[in-house]
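Working notes, beginning with the structure itself.
Throughout, read-outs are computed from the coordinates displayed, never taken from laboratory work. None of the values given here were measured: they were computed from a predicted structure. Backbone-built Cβ (ideal geometry, glycine too); neighbour counts: all protein chains shown.
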Amino acid sequence: MSEKPKVAFYWCASCGGCEESIVDLAEGLLDVIEKVDIVFWPVAMDFKTSDVEAMADKSIFASFINGCIRTSEQEEMAHLLRKKSKVVVAYGSCAHTGGIPGLANQFAREQILTYVYDEAPTVTNENKVRPEVEHRMNGASVTLPAFRNVVRTLDQVIDVDYYIPGCAPTPKIAQEALQILLSGELPPNATVLAPDIALCDQCPRKDSKPEEFEYHGFKRPQWTDIDPEKCFLAQEIFCMGPATRGGCESLCIGGNMPCTGCFGPTCRVKDQGAKILSSICSALSAKDKDEIEKILDSIPDPLGTFYRYGLAGSLLRRNVKLPVS
Amino acid sequence: MELKSQNDTWKPRIVAFFCNWCTYTAADLAGVSRIKHEPNVRVIRVMCSGRVDPQFVIDAFVKGADGVLIGGCHIGDCHYIDGNHKTIRRFAMLKRILKDMGIEDERFRLEWISASEGEKVKTVTNDMVEKLEKLGPLGLPKKFIAWDEEMNHLELEISKPKEEIEHV
Amino acid sequence: MTSTKQNGEVRIGYFVCHCGHNIGATIDVLKVADVIKNLPGVVISREYKYMCSDPGQEMIQEDIKEHNLNRIVVAACSPLLHENTFRRATEKAGINQYYFHMVNIRENASWVHVDKAEATRKAIDLSRAAIQRVFFHQALEKKQVSINPNVLVVGGGISGIHAALTLAKAGKKVYLVERDPTIGGLMAKFDKTFPTLDCAACILTPKMTEVKNHPNIELMTYSEVEKVSGFVGQYKATIKRKPRYIKEDVCVGCLDCIDACIYKDGKYYDEFNVGLSKRKPVYIPFPQATPQLVVFDPEACVRLKRGKCKETCVEKCDRDAIDFDQKEKFEEIEIGSVIVATGFQIFDAKKIPYYGYGKYQNVYNALEIERLVNSSGPTGGQVVMRNGEVPKKIGIIHCVGSRDEKTNIWCSRVCCTYSVKLAHLLKELSGADVYNFYIDMRTPGKGQEEFYNQVMREGVHFIRGRVAEVTDWAAEKEEQGKLIIRVEDTLIGVVRRIPVDMVVLGVGVEPHSDADKIRRLFNISCSTEGFYLEKHPKLAPFDTASDGVYIAGGCQGPKDITDAVAQAGAAAAEALALIDKGFIEMEPNTAFISEDNCSGCKSCIPLCPYTAISFDEEVFKAKINEVLCKGCGTCVAACPSAAIDQNLFTNDQIYNEIDGLLKYEIV
Ligand code: SF4
Ligand code: SF4
Ligand code: FES
């Protein structure tokens, strides 16, 4: 048993979908369990941080960390696992590029706390209680992890060896990645373990995209009768596919919804949002300024659309006006 | 190694992308005509303003530019027919994104400067410098370091022996 | 992150130029060389007085050999000036010329800044960017494109005619496109030409006939260039042939139809005589019009307007040459180069209302006078005014629509001398007393000042002062019925009122009102005033920024016949040089798609202005046709998965320039 490589799973700021995706491996999971020794997996197994701390440095073969990093505790665990592991894998969009929680980088910490603890319609908090990092009561002190000002991708906190993209990674992509890692022949550092080609390559609707086209305005999918066969962009429904790494088996497209970009950009791209912006906007039909602005208005939340999963990992990372503390 | 004055006082630094056929030529003309202007612009020559990838603009800000200027031919005059039409469309959207990300309007500018408008190179440069001086530094490289300072404390603790980190 | 291969160790040689004092006086060149020396990859960093001189170039070459350099960066003047010089030097020393990169610290820095520390800092930043950039340079080969020897000449005025004939004589096929029904342009309307007073028609008509008869010239009059595509060596142009309603190959120019027209007299504005006479719906612009073909004016001809007429003209035509069913035709021609010689137009004097043009019938513009004094003009060369009288006193006002903040600020260059000429002709023909009102007399050019002196001796009066007003308001009796010119005579410092019978406005010249449309067809830039922009104001006044497109004559700026012809010859010679070389080398700055990386999203395809990108259905990838790609880079910027890159401007190169420019921030 101890001959098998040791593996750890950990979650940080995430929705739990990534953990779910490991369970979703179904029978595949058994294969995995057969080949590895899971030494740490708080969601499913009872290990304590102290158990990890007790391990020898680099004794874990690979740690799969999902979720982005928002609290001091997540930072601490990331550092700990980094120390104990040979290989650290950022698992899923949040760890990889910031994911949905990364969109919080549009707002200041205080804005978020105010909303969550005071203003949200479902909250009653008459005493305006806020979480404190340290609370003293009857001489004892209770601590909570610090809530950071910035949402971070995993590699903004520790060195990351590999990435498995997706919100969440599909069982197929996860299993293939595991196989690669366990094969003993490790790919070059910082590789994203998914095809390095945009989604259109694998899209079932690719034939229906015309060669000549321009955008007169974008329709919102929820208000549109979507042709289930035709390229979304050809229907003037915004799709991130051209700027997003493939490998997801076109699941959203299969469900008649456009790609929202969770697999992140190809390795040649520094900023996924800027790239989709460039390609889509170049092909607007409008020539003068007012017309252009009118078409742009049909994308109501461009930042949230272009950077849905990539804001924290984008070039700018965060609204640059926001306070540091 | 660097000149001393670099650390003295802050001066806005502008990265400019000038198209070869109009604005770059206009800048040359400004040179030949000795039209003096502010020394803050650093020009990168591209064949057409259409070559300017929005990533370049963001990257320049990230690397420390206080402003980014794109210079191209007037609409209808692009050497490649309508490269600048693509520029203006991307520019409009990129402006929106930058605004949402807290980068002021004046920091990102698109100007059509034809090959004969050496004078305009000066007016645009001086005007932009003036506006940026009012705004002050954008200073993203420093900002990124400052953002991440909140993690330093913990990193130090982690490298210390275990018992010092208290858990209840 | 990077896809560019770096072949082996990068060894950079950095050379910074003083350019005498041009750079050295503002930029601390020694300091720049010193800072750059310490950058990674830099093997040698030198400064020198004149890098572009032979010893400068030899220095680079020796260093390449001695230090085994494989990247060269020269910080000097603009790459638009000397990039090729240094590329050649690099190539001579045995390394590919595209391993060279140039930093512009003269036009972009030393010439435009005063603060030495700041200029030096800028030079360092720009140089650092280049040093980082050249790491990603690669060996490239120039593309060769063959040159189609046919030439399109646009505009059949004296410039176009001269250029066409020069080319035709050299054995090249020329398409001469003129939008009017005849060639000849403005010059055909002139009477005698300054300063020699030889008659315009006598020197122009033989050339026009030669054009008509030359086997190498295909004359396309009453035609316009509609569309141009392609690139140097391989242009395609669509020519719109407007219908004359005459079978061009049948009509012999007997003009019987004109006589036979139901209109017994002319009724419509006669373009050739600038409205001083009337013509019929069917007409020939002037007796020597080339080609000798009549035209039907569709706005005037009853048959064409209403579909019905007695058609007396058709009846009369023995040769059955009239064809009212003719339609506009479009012809496509293939050429390798173009000479644009579309000329200028005269300033519309109505824009200066206080000179009374269009208000007082005896106020004329200079072109009208050219017709009036012409022996084949509307009055047979008699100076008879619109009111039927012969003027006794004539005032000629210079600089109308020239050197004027309110209209056109430039000097039109020809008006002083033609006004002097008109003064001479008017005086000679009518015996009138002639007054010229000038701001400054500008008579440069061979024989022109002498001519001015001669006319002065003939007794023409010259009054220095900008005319304030032309009015018919008489202050005293002898002014009644006259046009009074109010002017401050600045030589004696007195405001004068000079009553005359006839006023001639020495109108300036300006770009054609549709000059903009035409230049866009050929991708020519224009200067602020709208004249076409030459590649270099001194060394290449006939060349443009569009390869293989040359300019000549009035479209480039105000000039007289002598200069127009000289420029036309130069443009023709340039075209010949291009043609006889047989091919042109093009910058290898084309874009290319990595097949492995392309997802087939087709985003790039509609963006290319030259349809250089096609889609290969078989492999489901986009492909760029290197021959069609002109290297704008638009598709590169747009490809959402960065599957496209552009030679000479790769993503890596540009990112590293950005990084290098700003590096100091993080130190
Ligand atoms: S835009 Fe890029 S990925 Fe899309 S078809 Fe063109 S080259 Fe291929
Ligand atoms: S760079 Fe791209 S868009 Fe521009 S000409 Fe070449 S293929 Fe066409
Ligand atoms: S060439 Fe100047 S903008 Fe396209």
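Neighbours of C:S430, meaning other residues whose beta-carbon lies under 13 angstrom from its beta-carbon, give a summed charge of -1 when Lys and Arg score +1 and Asp and Glu score -1. The share of alpha-carbon pairs in the range C:346-510 lying farther apart than 27 Å comes to 17%. According to the Cα-based calculation, Rg over Rh for the range C:256-316 is 0.95, with Rh computed by the Kirkwood formula. Between A:Y117 and C:D514, the simple label model (points 7 Å from Cα in the Cβ direction) yields a spacing of 7.3 nm. For the pair B:D100 and C:E585, a Förster radius of 56 Å applied to the C-beta separation gives a FRET efficiency near 0.75, rounded to the nearest 0.05. The angle between the Cα long axis of helix C:448-457 and the main principal axis of chain C comes to about 30°, on a 0 to 90 degree scale. Sorted ascending by nearby beta carbons within 10 Å, beginning with the fewest, C:M59, C:M502, A:M137 become A:M137, C:M59, C:M502. Helix C:116-134 axis versus longest C-alpha principal axis of chain C: approximately 70°, rounded to the nearest ten. Quick test of your reading: applying the under-4.7 Å Cβ rule, which cysteines of chain A are isolated? Lacking a cysteine Cβ partner under 4.7 Å: A:C12, A:C15, A:C18, A:C203, A:C231, A:C239, A:C248, A:C252, A:C259, A:C267, A:C281. Each of C:T90, A:T97 has some number of other Cβ atoms within 10 Å of its Cβ, and from fewest to most they run C:T90, A:T97.
Excluding C:H536 itself, calculate the net charge of residues whose Cβ lies under 13 Å from the Cβ of C:H536, where each Lys or Arg counts +1 and each Asp or Glu counts -1.
That sum, taken over residues with Cβ under 13 Å, equals -2.
Compute the FRET efficiency between C:L255 and C:Q144 as 1/(1 + (r/R0)^6), taking r as their Cβ-Cβ distance and R0 = 56 Å, and round to the nearest 0.05.
According to the calculation, E is roughly 0.60.
Compared with the dominant Cα axis of chain C, that is its longest principal axis, helix C:79-92 is turned about 50°.
Restricting the trypsin sites (Lys or Arg not before Pro) of the range C:223-316 to loop positions (DSSP other than H, G, I, E, B) with no more than 10 neighbouring Cβ atoms within 10 Å leaves C:K264, C:K308. Counting only DSSP H runs of at least 4 residues, each contributing -39500 (n - 2.57), and dividing by the residue count of chain A, the helix-based mean residue ellipticity at 222 nm comes to -7000 deg cm²/dmol.
Our summary of shape: the Cα atoms of chain A have principal axis extents of 66, 54, 30 Å, ordered from largest down, in whole angstrom. With only the Cα atoms considered, the range C:613-655 has a convex hull volume of 81 Å³ per residue. Hey, what's the Kirkwood Rh for the range C:203-284 if you take every pair of different alpha carbons, in angstrom? The Cα-based Kirkwood calculation yields 16.0 Å. Under 15 Å from the 7 Å Cα→Cβ point of C:S277, by amide nitrogen: which residues of the range C:366-393? Residues C:368-384 qualify, since their backbone N sits under 15 Å from the label point.
Which value, in debye to the nearest 20, describes the size of the charge dipole of chain C about its Cα centre when Lys and Arg Cβ atoms bear +1, Asp and Glu Cβ atoms bear -1, and nothing else is charged?
960
When restricted to Cα atoms, the protein assembly as shown yields an Rg and a Dmax of 37.6, 128 Å, respectively.
In nm², what is the average projected area of the convex hull enclosing the Cα atoms of the range C:63-139?
5.2
For a test of the definition: using alpha carbon positions, the gyration tensor, and the 1.5 limit on a/c, classify chain B as rounded, prolate or oblate. Because a/c hits 1.5 or more and a/b exceeds b/c, chain B counts as prolate. Rounded if a/c is under 1.5, else prolate if a/b beats b/c, else oblate: with a ≥ b ≥ c from the C-alpha gyration tensor eigenvalues square-rooted, which is the range A:109-148? Taking the square roots of the gyration eigenvalues as a ≥ b ≥ c, the range A:109-148 is oblate.
Computed from the C-beta positions of A:D24 and A:V129 and an R0 of 35 Å, the FRET efficiency is 0.40 to the nearest 0.05. Among beta bridges from DSSP that stay inside the range B:4-98, the antiparallel ones total about 10%. Under the classification rounded if a/c is under 1.5, otherwise prolate if a/b is larger than b/c and oblate if not, where does the range C:294-353 fall, given a ≥ b ≥ c as square roots of the Cα gyration tensor eigenvalues? Since a/c reaches 1.5 but b/c is at least a/b, the shape of the range C:294-353 is classed as oblate. Per-residue ellipticity at 222 nm computed for chain B from its helices equals -15000 deg cm²/dmol, with DSSP H segments shorter than 4 residues left out and the rest contributing -39,500 (n - 2.57). Mean partner shielding of peptide C:105-111, defined as the number of other chain Cβ atoms within 10 Å of each residue Cβ, is 6.
Net charge within 11 Å of B:K122 by Cβ-Cβ distance, Lys/Arg positive one each and Asp/Glu negative one each, not counting B:K122 itself? In short, -1. Summarising the strand pairing of chain A, around 30 percent of its internal DSSP beta bridges are antiparallel. Here's the list of lysines a cross-link from C:K247 could span, going by alpha-carbon distance under 16 Å and ignoring same-chain residues fewer than 8 apart: C:K316, C:K327, C:K329. Here the range C:272-306 and the range A:131-188 have alpha carbon centers that stand 85 Å from each other.
Taken as Cα centroids, the range C:44-76 and the range C:612-667 sit 30 Å apart, rounded to the nearest whole angstrom. Of interest is the spacing of the C-alpha centroids, which for the range C:190-267 and the range A:244-314 amounts to 56 Å. Taking DSSP loops as anything outside H, G, I, E and B, show the longest stretch in chain A free of trypsin sites (Lys or Arg not before Pro) there with at most 13 other beta carbons within 10 Å. Value returned for the longest uninterrupted segment is A:129-286. For the peptide A:198-209, the mean number of other protein chain Cβ atoms found within 10 angstrom of a residue's Cβ is 4. Within the range C:184-255, the GluC sites (Glu not before Pro) that combine a DSSP coil assignment with at most 16 other C-beta atoms in a 10 angstrom radius are C:E248. DSSP bridge analysis restricted to the range A:115-259 gives an antiparallel fraction near 60%, rounded to the nearest 5.
Helix-only arithmetic for chain C: the sum of -39500 (n - 2.57) across DSSP H runs with n ≥ 4, divided by the residue total, places the mean residue ellipticity at 222 nm at -8000 deg cm²/dmol.
Among C:V383, A:V142, sorting on how many other beta-carbon atoms sit within 10 Å of each Cβ, with the fewest leading, yields A:V142, C:V383.
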